[in-house]
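What follows is a single structure, written as structure tokens, with notes after it.
The values are calculated or read from the model by the stated rules, or taken from the named source; none is laboratory data. From a predicted model like this one, the values you see are computed outputs, not experimental measurements. Here the Cβ positions follow ideal geometry from the backbone for every residue, glycine too, while neighbour counts run over all protein chains shown.
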Amino acid sequence: FCRSLILSCKITLPHQTLSNTRWACQLHTVNAVLDNLPAIIECLSAINTATAVGLKTKICKFSFVYLLTLFKDLLSIVAGLHKYIQKETIDLLQALAYKDAVCDSLKQKRSDSTAADMYARAKALCEVNHIIIEEKLSGQRQKTKRMDDFVVESACGAHRGISTDAEQLKTKLLYPCLDRMVTELENRFSAVNATLLKGIQACSPTSENFLSDPHLADLAHHYNIDLMTEEVMVARHFLARKKQAGAAPQDMILVYNLLDYDMFPSLKSVIQVALTVPVSSCSCERSFSALRRLHTWLRRTMGQCRLHQLAVINVLRECTVNVTECQERQGKIHLQFIESNKLTSFKNLIQSIVQDHSTCF
């Protein structure tokens with residue numbers, strides 16, 4: 001869009017980068033479109049191109065407005081939990097409690113009153129922006145004529161639009177979205193993951209359950225570590241003396257560094273697992289625009305492993321490399337290798353001479 005046209009239409013909120021995996025990024029995009037919907041429609045009407053006409057046709061539909069209203073409500077409920085989980089000072093036990101509260105809120109949205117209110121707000125938004133609400137779609141979908149002479153057992157690619165009926169929108173859109181979000185949260189915070197989170201939290205000195213025997217035992221059992229309760233008892237008194245001396249550790253890394261491996265072998269292994277689990281369990285989040293930098297237009301399919309490697313190559317491409325420094329370093333390594341081989345050969349020669357001399361005598 002041209003700058004003057006955008007300013008005249010008073011677009012206030014910039015569009016955020018859309019990510020395929022992060023619900024928070026999708027919430028920013030939904031809010032941006034909802035807040036600037038009149039300006040977007042006016043801009044598309046003023047631009048006389050095929051792309052603008054196609055976008056306006058898609059936007060000026062009741063189904064589009066209803067989905068914006070739907071995801072604004074649902075994603076707003078999860079936004080607080082998403083921000084809390086990304087905090088460096090997160091309390092994992094508190095995060096589990098927040099997750100349960102979010103799931104209860106989503107389940108409460110699964111009601112007729114919520115569906116009616118959402119439908120009314122979407123309808124009012126359409127009336128304000130002069131968007132025509134389509135009539136109900138027919139229940140029977142016709143088969144394409146070119147398939148008349150064939151027995152069809154699956155869909156032929158015909159797409160049926162979304163009905164504007166309130167009951168259909170509730171059963172086909174609202175309830176499935178709610179169920180899917182609740183399922184995703186329950187799977188991410190499953191019973192096994194909840195036990196591990198409690199064990200990791202027990203390794204943090206800021207937790208109320210610091211060095212709790214049951215929580216540490218569950219974490220150690222999951223990773224096949226034979227945790228000695230005597231080590232936990234001694235470590236608890238050892239860290240208590242550190243606290244009295246004013247040198248109490250403030251995070252998990254300091255606890256790991258304070259504990260000696262010979263004194264606390266099993267406990268230190270458990271804390272090491274607690275430190276590495278967040279890093280080893282994370283996943284890559286990419287936006288659609290970032291994928292274009294990988295230059296993979298000729299590939300039709302690609303696995304996650306190759307995609308991760310290409311992303312790493314793209315990051316390392318921006319690193320500056322001094323060719324002269326690399327050559328000098330390679331030369332030094334080569335000289336060291338030659339000197340090492342010469343020294344080894346000289347030692348072998350001396351040993352053989354000594355052996356021959358001892359044999360003669």
Only one of (1) in a helix (DSSP H, G or I); (2) at pLDDT below 85; (3) of a type in the set (A, V, I, L, M, F, W, C) fails for Val232. Which number is that?
(2)
Filter result (modelled with pLDDT of 75 or more and among the hydrophobic types (A, V, I, L, M, F, W, C)) within the stretch 315-329:
Val323, Cys326
So, in the stretch 53-100, of the ones that are among the hydrophobic types (A, V, I, L, M, F, W, C) and assigned to a loop (DSSP other than H, G, I, E, B), which residue ends up nearest to Met252 (Cα to Cα)?
Ile90
Pull out all pairs, ordered by first then second residue, where Cβ-Cβ is under 9 Å, the residues are six or more apart or on different chains, the first lies in the stretch 49-76 and is free of Cβ contacts under 8 Å to residues at least 60 places away in the same chain, and the second is loosely packed, with under 13 Cβ neighbours inside 10 Å and among the basic types (Lys, Arg).
Phe64/Lys58
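Mind counting the residues in the stretch 210-227 that are in a loop (DSSP other than H, G, I, E, B) and surrounded by 14 or more Cβ atoms within 10 Å (Cβ to Cβ)?
Going through the stretch 210-227 one residue at a time, the tally reaches 6.
Only one of Thr195, Thr114 is touching an Asp or Glu at 6+ places or on another chain (Cβ under 6 Å), surrounded by 13 or more Cβ atoms within 10 Å (Cβ to Cβ) and at pLDDT 75 or above. Can you tell me which?
Every option except Thr195 fails the conditions.
Can you tell me which residue among Leu5, Leu34, Leu27 is surrounded by 13 or more Cβ atoms within 10 Å (Cβ to Cβ), at pLDDT 85 or above and among the aliphatic types (A, V, I, L, M)? Working first, answer last.
Values: Leu5 fails: at pLDDT 85 or above; Leu27 fails: at pLDDT 85 or above.
Answer to the selection: Leu34.
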Inspect all residues belonging to the stretch 228-244 and state whether any of them is in contact (Cβ under 8 Å) with a residue 40 or more places away in the chain, outside the structural domain of His82 (by TED's automatic domain parsing) and buried (at least 18 other Cβ atoms within 10 Å of the Cβ).
no
